[in-house]
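Structure first, commentary second.
The values are calculated or read from the model by the stated rules, or taken from the named source; none is laboratory data. What you see is a predicted model; the values in this text were computed from it and never measured. Because the Cβ atoms are built from the backbone with ideal geometry, glycine has one as well, and the counts that use them run over all protein chains shown.
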Amino acid sequence: MRWQMGNRSSNVEDRRGSSGRGGLVKLGGGSGCLLVIVALVMVAMGENPLQLLGMIESTGGGGGAAPSGPVESSPEEDQQVEFVRVVLGDTETTWNRVLPQQANTPYREPTLVLFRDAVRSACGYNSAAVGPFYCPADQKVYIDLAFFDQLARQFDAPGDFAQAYVIGHEIGHHVQNLTGVSNRVARARSGRSQVQANQLSVLQELQADCYAGVWAHFANQERQMLEPGDIDEGLRAAAAIGDDTIQRRSQGRVSPESWTHGSSEQRVRWFRTGFQSGSMASCDTFGAAGI
């Protein structure tokens with residue numbers, strides 16, 4: 001990506017110097033160990049280790065920001081922070097224009113929170129094991145930068161645009177919150193079976209993938225941020241975190257009834273749909289799903 005000259009967003013809250021919550025016991029040497037330990041426990045129990053990724057928007061609970069102390073950061077991590085600021089800034093440029101034009105809805109810029117190991121949000125207390133997530137109650141995106149390393153090593157999806165796709169997906173959930181989709185899905189899930197509720201969650205996640213593609217469309221068309229190979233990086237990332245791929249890797253079998261994010265093929269297809277069209281209207285994953 002040609003990101004170095006992009007505008008930096010000021011809507012980044014750095015909580016990497018916070019322990020997340022008083023009394024938290026850290027396991028081993030930082031977030032990498034925590035991610036591995038929790039993932040291994042989930043695999044042993046027959047659970048998908050990323051089953052909760054992106055599902056935090058459906059939970060309730062309280063909790064504000066913990067005080068953040070001095071941040072110890074390597075030069076490599078400092079560059080990652082700058083990258084996150086630029087990508088977030090570019091999503092702001094896109095959605096400040098596109099959302100009023102295409103959905104007749106004003107865009108309110110979210111805050112992106114950087115944390116390590118664990119974090120408190122208005123949606124409750126979560127470890128880094130859930131991956132990046134969006135909380136509609138405080139309109140904030142939460143990311144542990146260690147996830148980007150995990151994306152490259154564990155899921156074989158390296159590259160700066162793979163990381164940008166993750167941010168674009170979470171911002172897609174913010175767009176859904178602003179347009180009322182999140183509330184409609186929450187209401188529609190109520191009273192349905194777990195399988196039916198999961199199917200609605202899949203549709204919501206695929207739409208967020210499509211919205212990430214819409215952002216990438218304008219980042220490429222209007223600001224020429226993308227380089228050859230970037231979209232392939234994004235597609236690899238989308239495929240790597242498909243429910244079928246994760247289940248096959250973690251438990252040796254695929255259980256479509258438990259999917260919450262969609263298959264690798266679905267995630268790739270909907271991201272590509274948004275990228276090729278640049279249109280929110282093309283992202284109607286719900287169709288006749290009754291929300």
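Considering Arg236, Arg272, which residue is more than 19 Å from Asn198 (Cα to Cα), surrounded by 19 or more Cβ atoms within 10 Å (Cβ to Cβ) and of a type in the set (Lys, Arg)?
Residue meeting the stated conditions: Arg236.
Take Pro132 and tell me if it is closer than 16 Å to Arg15 by Cβ and at pLDDT below 95.
Yes.
Restricting to region 228-261, give me the number of residues that are within 15 Å of the chain's Cα centre (by Cα) and assigned to a loop (DSSP other than H, G, I, E, B).
Number satisfying all stated conditions: 4.
Within region 103-140, track down each residue that is in a strand (DSSP E or B) and closer than 16 Å to His174 by Cβ.
Thr111, Leu112, Val113, Ser121, Phe133, Tyr134, Cys135, Lys140
Of all residues being surrounded by fewer than 21 Cβ atoms within 10 Å (Cβ to Cβ) and in contact (Cβ under 8 Å) with a residue 60 or more places away in the chain in region 241-260, which is farthest from His169 (Cα to Cα)? Just the residue, please.
Filtering region 241-260 for residues that are surrounded by fewer than 21 Cβ atoms within 10 Å (Cβ to Cβ) and in contact (Cβ under 8 Å) with a residue 60 or more places away in the chain, the one farthest from His169 (Cα to Cα) comes out as Gln251.
Kindly provide the set of residues from region 146-157 that are buried (at least 21 other Cβ atoms within 10 Å of the Cβ) and part of a loop (DSSP other than H, G, I, E, B), ordered by number.
Within region 146-157, just Ala157 meets the criteria.
Asp209 - would you say it is touching a His at 6+ places or on another chain (Cβ under 8 Å), buried (at least 20 other Cβ atoms within 10 Å of the Cβ) and at pLDDT 95 or above?
Yes: the conditions hold for Asp209.
If I ask for residues that are on the phi > 0 side of the Ramachandran plot and at pLDDT 95 or above, which ones from region 272-290 would you list?
Hit for region 272-290 is Gly278, nothing else.
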